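Each reported figure results from applying straightforward, stated rules to the coordinates on display, with no laboratory input. Since we're looking at a predicted model, the values are computed, not measured. Cβ sites come from the backbone with ideal geometry, for glycine too, and all protein chains shown count toward neighbours.
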Amino acid sequence: MTPALYNFILKTADDCFILGHRNSEWTGFGPFMEEDIAFASMAQDKIGHAWLLYKMLDENAAAAETLAFKRAEKDFKCCHFVEQPIGEYDFSLMRHFLFDHADQLRYEMLMNSSFEPLAHFAKKFKGELKYHTMHADTFILQLGNGNEESKARMQSALNFCLPLALGIFEVYEGEQEIISQNIFAGEKVLQEKWLEKILPIIKDAGLQMPDMATLQAVNGGRHGFHSDYLQPLLKEMREVVDAFPDAIEW
Amino acid sequence: MKSFDPRVNRIKPIEEKTEMNIGEAWEPYEVFHQKKRGDHHIHVGSVHAPNAAQALLFAKEQYGRRQNCVNMWVVRTADVTQFQYDDADIFETAIDKEYREAYGFKVRDKINAYKKQQTESK
């Protein structure tokens, strides 16, 4: 596997892994029981996708666990968006909406990847991803068109999230190679498709889209420069692993 | 008291409480699950939701994950018309009419399953 391909898969996996962990923090604290179960289940899907991608980098299950639980913060390639704390439910829902549309489109594009294992997974993840965006859209429409408070909250969540969401599409090392080898059409293409997809939903939800030209993407993650939130997250996630470093399973 | 769960320690006390009355904007929906195409939808339970679209979303996670599923229905519980239990005596009969009870339906499923198995094993 070329370093470019390794990097591409790693950053895709890291996004899903960290967001999956973040969203799992809602488990038991969701706004109501049915939603608690749905959100936890989707978080589990994300971690499942990350697990399969990590294993693609190294067949060995122990190697996947090393990637997940023993890697230094600077070696993670996730974007700042997924690192942010869960905040209130408006933020978590908006992140879920913005990220999952990008995620779904990414895998749709990967269905034609020249790298067969990625095309294979893209087809396998299809149904789960469809549910994730269906869930997100329903909530965004419901709350955007809800009462004054829900609308105001969703609007400020959208304004807060957008610059962070643009960080999903940050150029990473080796991207040109990935594009020229027809592994993936590129982050720029993805971003365009993503905007096309989310704009009508945001409009239907009665929310205002800020002027994209004025937004500055929050970048750095793809090069190992992270927000202050990643290190504490890793520490908390690894508490058990760190307490029993020699354990084979736990 | 400090919890072992860091998430619990992060929770801030709620300053503003939103008043919400039971049943306000939310309703129970009955969930029906279909195992495979052509099968009957079978009632499996209920969910609470503010509208039908969300009821379907929740139904999928609550009832669609643990077994095969190709389709689901949700129906507002309030839209189900039913007898009163007080009227259950209308189902009683004066003389024994067991001969017309529909045991045959149950047997039919078994016969069909057996026939299918036979054709498949051939």
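Let me know the charge dipole size of chain B about its Cα centre in debye, to the nearest 20, where only the beta-carbon of Lys, Arg (+1) and Asp, Glu (-1) is charged.
Numbers: 20 positive and 19 negative charges, 256 e Å.
Taking the Cα centre of chain B as origin, the dipole is about 1220 debye.
Treating r as the C-beta distance of B:Val107 and B:His43 and R0 as 22 Å, the FRET efficiency rounds to 0.50. Rounding to the nearest 10 and keeping the result within 0 to 90°, find how far the Cα-based axis of helix B:52-63 lies from the longest principal axis of chain B. It is inclined by approximately 80 degrees.
Going by C-beta contacts inside 10 Å, put A:Phe169, A:Phe225, A:Phe125 in order with the fewest on the left.
On the way: A:Phe169 21, A:Phe225 12, A:Phe125 25.
Ranking A:Phe169, A:Phe225, A:Phe125 by Cβ neighbours within 10 Å, fewest first, gives A:Phe225, A:Phe169, A:Phe125.
Comparing Cα centroids, segment A:203-231 and segment A:77-96 end up 10 angstrom apart.
Which links in B:Lys35/B:Lys122; A:Lys126/A:Lys203; A:Lys130/A:Lys151; A:Lys55/A:Lys126; A:Lys74/B:Lys2; A:Lys70/B:Lys12 stretch past 22 Å when you go from one Cα to the other? Spell out each step's value before the answer.
Numbers: B:Lys35/B:Lys122 26 Å; A:Lys126/A:Lys203 25 Å; A:Lys130/A:Lys151 25 Å; A:Lys55/A:Lys126 19 Å; A:Lys74/B:Lys2 31 Å; A:Lys70/B:Lys12 31 Å.
Beyond 22 Å: B:Lys35/B:Lys122; A:Lys126/A:Lys203; A:Lys130/A:Lys151; A:Lys74/B:Lys2; A:Lys70/B:Lys12.
Kindly put B:Arg66, A:Arg106, B:Arg7 in sequence by how many other C-beta atoms sit within 10 Å of each C-beta, fewest to most.
Numbers: B:Arg66 8, A:Arg106 22, B:Arg7 15.
Lowest to highest Cβ neighbour count: B:Arg66, B:Arg7, A:Arg106.
Of the residues A:Ile198, A:Ser114, A:Tyr89, the one whose Cα sits farthest toward the positive end of the charge dipole of segment A:3-243, with +1 on the Cβ of Lys and Arg and -1 on the Cβ of Asp and Glu, is A:Ser114.
Can you name the helices of chain A, as whole DSSP H runs, whose Cα span along the helix axis is 20 Å or more and whose Kyte-Doolittle mean is not below -0.5?
Numbers: long enough: A:3-24 (31 Å, 0.08); A:33-57 (37 Å, 0.17); A:89-110 (31 Å, -0.32); A:116-144 (40 Å, -0.31); A:148-166 (27 Å, 0.12); A:187-204 (26 Å, -0.36).
Flagged H segments are A:3-24, A:33-57, A:89-110, A:116-144, A:148-166, A:187-204.
Projecting the Cα atoms of B:Ala59, B:Ile95, B:Cys69 onto the charge dipole of chain B, computed from C-beta unit charges around the Cα centre, puts B:Cys69 farthest toward the positive end. Here chain A is assigned +1 on the Cβ of each Lys and Arg and -1 on the Cβ of each Asp and Glu. Its dipole about the Cα centre then comes out at about 480 debye. Classify chain A as rounded, prolate or oblate from the Cα gyration tensor: take a ≥ b ≥ c as the square roots of its eigenvalues, call it rounded if a/c is under 1.5, otherwise prolate when a/b beats b/c and oblate if not. It is oblate, given that a/c is not under 1.5 and a/b is not larger than b/c. Legend: ranking of residues B:Lys122, A:Lys151 from fewest to most surrounding C-beta atoms inside 10 Å; resulting order B:Lys122, A:Lys151. Each part reduced to its alpha carbon centroid, segment B:82-122 and segment A:8-71 end up 47 Å apart.
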